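K.L.:
Quick one: structure below, then a few questions.
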Amino acid sequence: MKLLFEISKDGHGCDLLPALDVPEVTLPGNMRRGIPLPLPQLSEIELSRHYTRLMKRTFGVNSGFYPLGSCTMKYNPRINEDMAALPGFCDIHPLQPEHTVQGCMEVLSETEKALCEITGMDAVSFQPAAGAHGELLGVLLIKAYHESRGDAKRTKIIIPDAAHGTNPASAVMGGFTVVNIPSGPEGCVDVEKLREVAGEDTAGLMLTNPNTLGLFDKNILEITKIIHNAGGLNYYDGANLNPVMGIVRPGDMGFDVVHLNIHKTFSTPHGGGGPGSGPVGCKAILRDFLPVYQVAEKNGTYTFSDPPETIGSVKAFYGHFLVVVKALTYIRTLGAEGLRCAATHAVLNANYMRKKLSEYYDMATEGLCMHEFVITLRQVKEKTGVTALDVAKTLLENGIHPPTMYFPLIVPEALMVEPTETESKETMDEAIEVFRKIYDEIQTAPERLHEMPLTTPIRRPDEVGAARNPRLKYSEE
Ligand SMILES: *Cc1c(COP(=O)(O)O)cnc(C)c1O
């Protein structure tokens, strides 16, 4: 496909700038550009077709079923976008005087209250731009806490082997060493092992519950207590909050700090669909270390205030504000009862698919799951040579986005399926039928699956090549 610069043609462009509403100033020659800005020249319809073409080549939650485990690809309601597009929210500047943006500050304050209520925390920072970024902030808060107490020996963070890869990465970026603990036979934290490793050098624990196998750890109160007794703090990776929101709260499970992936749980777009947001909530003991730009309210007036022992800034101003507007819209639209209902339906949908698919595929764990489940193709691969990648590619050929592959790392040939609550029974039944057909093909013509997909714009990219020799810069040659 051609780039905008390649379809550009002199004279096709058109600039429509708003009328000048400030005095005209002529910049001195040394501040002006020597050559015109090389912007592509296109008419509106050319531009529109270009992006429509691009859109057709990709797969989004609006193209079809997208059961990408751990990522909670739920539908993003249009009303969220309508609210974020209101001029009072989007035509503002971060340096505007506070009295001119009281409504926006109220949004931050209201969202903070709602997220505190949902998580059982006492304060929230909206600065982090995504979950992984929130993890880093959380780890820095844990560090600031121990440092403020002169407790320099706490250099280690304990992380179970089922964790998302960002957890150990964030702990290391925060200056800690990681202690990995294996999962027990049922896929949850091995409590005895945890007891062995927790000690005077423990800064904290990072955990997601339900975990990446889709299991709720029943020993959670004991786990967080072991860490507290050792003098450490508990970090909750909130990426998997969807099945438990409105039902249990990380704060009540013994966690001191959490991040939420607003672009997962609270229906704002992921990645290319718009910037993410990974607010961090914490208990009162960590509040004084939060980043700058915390909103305070007094007699109905909002002000920004910097926490007394703030770690500083992890992002400009108060993070991705419009994403927060979308999340608050979602929370307000559903209300407390609606959020709870979304959570229970997410669990119901996952168990429906799990049960149906277990007629054909091996599951990584036994029994009921929460919002997601993990298929293992270990035996299929041994018997037929068909891999998780082959099945994922065949799903794509059938108009379904593949589940998360090869994660969690502790499950061989893993496919992690998360339907989410926004899918109907009919959509899930269609997907189950595709999975069944693929199962038949594995038995009858396994070699065909290595060729998939046949009709997508890109079939099997050279992933190793792309990682080793990434071509990140456009060159006209
Ligand atoms: C998605 C995810 C993260 C990271 O969040 P991003 O917003 O993608 O940075 C962390 N932990 C788990 C379990 C996740 O699923």
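The values are calculated or read from the model by the stated rules, or taken from the named source; none is laboratory data. Predicted model, so just to flag it, every value in this text is computed and none were measured. Neighbour counts run over all protein chains shown; Cβ positions are idealised from the backbone, glycine included.
K.L.:
Could you tell me whether the stretch 306-315 includes any residue that is without any contact (Cβ under 8 Å) to a residue 40 or more places away in the chain and either acidic (Asp, Glu) or within 14 Å of Thr119 (Cβ to Cβ) (or both)? Walk me through how you get there before you give the answer.
P.N.:
Step one: filter the stretch 306-315 for residues without any contact (Cβ under 8 Å) to a residue 40 or more places away in the chain, giving 306-308, 310, 312.
Among the residues that remain, those that are also either acidic (Asp, Glu) or within 14 Å of Thr119 (Cβ to Cβ) (or both) are: 306.
Yes: the stretch 306-315 contains one or more residues that are without any contact (Cβ under 8 Å) to a residue 40 or more places away in the chain and either acidic (Asp, Glu) or within 14 Å of Thr119 (Cβ to Cβ) (or both).
Yes/no matrix, rows are residues, columns are (1) touching a Lys or Arg at 6+ places or on another chain (Cβ under 9 Å); (2) within 16 Å of the ligand (Cβ to nearest atom); (3) within 24 Å of Ala346 (Cβ to Cβ):
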position: Asn80; (1), (2), (3): yes, no, yes
position: Glu98; (1), (2), (3): no, no, no
position: Ile142; (1), (2), (3): yes, no, no
position: Lys153; (1), (2), (3): no, no, no
position: Lys156; (1), (2), (3): no, no, no
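K.L.:
Additional query: Any idea which of Gly175, Gly134 is under 30 Å from Leu108 (Cβ atoms), small (Gly, Ala, Ser) and away from the ligand (no atom under 16 Å from the Cβ)?
P.N.:
On the way: Gly134 fails: away from the ligand (no atom under 16 Å from the Cβ).
Sole residue among the options that is under 30 Å from Leu108 (Cβ atoms), small (Gly, Ala, Ser) and away from the ligand (no atom under 16 Å from the Cβ): Gly175.
K.L.:
Could you run through the stretch 374-429 and say how many residues are crowded, with 17+ Cβ neighbours inside 10 Å, closer than 14 Å to Asn349 by Cα and among the hydroxyl-bearing types (Ser, Thr, Tyr)?
P.N.:
Qualifying residue count for the region: 2.
K.L.:
Shifting gears a bit: Please determine, by comparing only the residues of the stretch 234-281 that are within 12 Å of the ligand (Cβ to nearest atom) and of a type in the set (Gly, Ala, Ser), which one is modelled with the lowest pLDDT.
P.N.:
Looking at the filtered set, the residue picked out is Gly271.
K.L.:
Identify the single condition in (1) away from the ligand (no atom under 12 Å from the Cβ); (2) over 15 Å from Leu286 (Cβ atoms) that His164 does not satisfy, given that it satisfies every other one.
P.N.:
Result: His164 fails condition (1) only.
K.L.:
If you don't mind, another one. Has the stretch 347-355 got any residue that is without any contact (Cβ under 8 Å) to a residue 60 or more places away in the chain, closer than 20 Å to Thr420 by Cβ and touching a Leu at 6+ places or on another chain (Cβ under 8 Å)?
P.N.:
Looking for residues that are without any contact (Cβ under 8 Å) to a residue 60 or more places away in the chain, closer than 20 Å to Thr420 by Cβ and touching a Leu at 6+ places or on another chain (Cβ under 8 Å), one finds at least one in the stretch 347-355, hence yes.
K.L.:
The conditions are (1) over 16 Å from Cys282 (Cβ atoms); (2) modelled with pLDDT of 95 or more; (3) surrounded by 20 or more Cβ atoms within 10 Å (Cβ to Cβ), and Pro128 fails exactly one of them. Which is it?
P.N.:
The one condition Pro128 does not meet is (1).
K.L.:
Can you work out which of the residues in the stretch 204-221 that are in a strand (DSSP E or B) and not small (Gly, Ala, Ser) is farthest from the ligand (Cβ to nearest atom)?
P.N.:
Applying the first criterion (in a strand (DSSP E or B)) to the stretch 204-221 yields 204-207.
Subset that is not small (Gly, Ala, Ser): 205-207.
Numbers: Leu205: 14, Met206: 9, Leu207: 10 Å.
It comes out as Leu205.
K.L.:
State whether one or more residues within the stretch 154-169 are more than 25 Å from Gly338 (Cα to Cα) and exposed (fewer than 13 other Cβ atoms within 10 Å of the Cβ).
P.N.:
Pass one, the stretch 154-169, residues more than 25 Å from Gly338 (Cα to Cα): 154-169.
Adding the requirement that they be exposed (fewer than 13 other Cβ atoms within 10 Å of the Cβ) leaves 165.
Yes: the stretch 154-169 contains one or more residues that are more than 25 Å from Gly338 (Cα to Cα) and exposed (fewer than 13 other Cβ atoms within 10 Å of the Cβ).
K.L.:
Tell me which residues, restricted to the stretch 47-78, are within 16 Å of the ligand (Cβ to nearest atom) and β-branched (Val, Ile, Thr).
P.N.:
Result: Val61, Thr72.
K.L.:
Another question, then. Out of all the residues in the stretch 35-86, which are closer than 23 Å to Ala130 by Cα and of a type in the set (A, V, I, L, M, F, W, C)? Spell out how you get there, then give the answer.
P.N.:
Filtering the stretch 35-86 for residues closer than 23 Å to Ala130 by Cα gives 58-62, 66-85.
Hits for the stretch 35-86 are Phe59, Val61, Leu68, Cys71, Met73, Ile79, Met83, Ala84, Ala85.
K.L.:
I would also like to ask the following. Which pairs have Cβ atoms under 6 Å, sit 6 or more apart or on different chains, and link a residue in the stretch 119-136 that is touching a residue at least 12 places away in the same chain (Cβ under 8 Å) to one that is near the ligand (Cβ under 8 Å from one of its atoms) and among the hydroxyl-bearing types (Ser, Thr, Tyr)?
P.N.:
Ala132/Thr166; Glu135/Thr166
K.L.:
I'd like the full set of residues that are polar (S, T, N, Q) and crowded, with 16+ Cβ neighbours inside 10 Å, limited to the stretch 170-191.
P.N.:
From the stretch 170-191, those polar (S, T, N, Q) are 170, 177, 180, 183; that's our starting set.
Across the stretch 170-191, the qualifying residues are Ser170, Ser183.
K.L.:
Are any residues in the stretch 192-214 more than 16 Å from Asn167 (Cα to Cα) and buried (at least 24 other Cβ atoms within 10 Å of the Cβ), and if so, which ones? Walk me through it before giving the result.
P.N.:
Pass one, the stretch 192-214, residues more than 16 Å from Asn167 (Cα to Cα): 192-201, 214.
Matches in the stretch 192-214: Gly214 only.
K.L.:
Further, regarding this structure: Give just the number: which of (1) of a type in the set (Asp, Glu); (2) more than 16 Å from the ligand (Cβ to nearest atom); (3) closer than 19 Å to Phe216 by Cα does Asp122 not satisfy?
P.N.:
Looking at each condition in turn, Asp122 falls short on (3).
K.L.:
Can you find a residue in the stretch 189-198 that is within 15 Å of the ligand (Cβ to nearest atom) and under 27 Å from the mean Cα position of the chain (by Cα)?
P.N.:
Yes: one or more hits.
K.L.:
Looking at Thr329, Thr310, Thr344, which one is in contact with a Pro (Cβ under 9 Å, 6 or more places away or on another chain), in a helix (DSSP H, G or I) and more than 27 Å from Ala85 (Cβ to Cβ)? Let's see the steps before the verdict.
P.N.:
Numbers: Thr329 fails: more than 27 Å from Ala85 (Cβ to Cβ); Thr310 fails: in a helix (DSSP H, G or I).
None of the others qualify; the one that does is Thr344.
K.L.:
Among the residues in the stretch 187-203, are any in a strand (DSSP E or B), touching a helix residue (DSSP H, G or I) at 6+ places or on another chain (Cβ under 8 Å) and in contact (Cβ under 8 Å) with a residue 40 or more places away in the chain?
P.N.:
We begin by selecting, within the stretch 187-203, every residue in a strand (DSSP E or B); these are 189, 202-203.
Of the ones still in play, those that are also touching a helix residue (DSSP H, G or I) at 6+ places or on another chain (Cβ under 8 Å) are 189, 202-203.
Subset that is in contact (Cβ under 8 Å) with a residue 40 or more places away in the chain: 202-203.
Yes, the stretch 187-203 has at least one match.
K.L.:
Residue check: is Glu451 outside any helix (DSSP H, G or I), charged (D, E, K, R) and touching a residue at least 40 places away in the same chain (Cβ under 8 Å)? Steps first, answer last, please.
P.N.:
Details: outside any helix (DSSP H, G or I): yes; charged (D, E, K, R): yes; touching a residue at least 40 places away in the same chain (Cβ under 8 Å): no.
For Glu451, the condition - outside any helix (DSSP H, G or I), charged (D, E, K, R) and touching a residue at least 40 places away in the same chain (Cβ under 8 Å) - is not met.
K.L.:
Would you call Ala284 touching a residue at least 12 places away in the same chain (Cβ under 8 Å) and more than 14 Å from the ligand (Cβ to nearest atom)? Before the answer, list the steps.
P.N.:
Values: touching a residue at least 12 places away in the same chain (Cβ under 8 Å): yes; more than 14 Å from the ligand (Cβ to nearest atom): yes.
Taking the combined requirement at face value, the residue satisfies it.
K.L.:
Follow-up. Taking helices (runs of 4 or more DSSP H) that fall entirely within the stretch 230-293, which contain at least 1 residues that are surrounded by fewer than 23 Cβ atoms within 10 Å (Cβ to Cβ) and aliphatic (A, V, I, L, M)? Break it down stepwise before answering.
P.N.:
Numbers: elements: 250-253, 262-265, 284-287.
In the stretch 230-293, the matching helices (runs of 4 or more DSSP H) lie at 250-253, 284-287.
K.L.:
Okay, next question. Which numbered condition in (1) at pLDDT below 95; (2) within 22 Å of the chain's Cα centre (by Cα) is the only one that Met405 fails?
P.N.:
The failed condition is (1).
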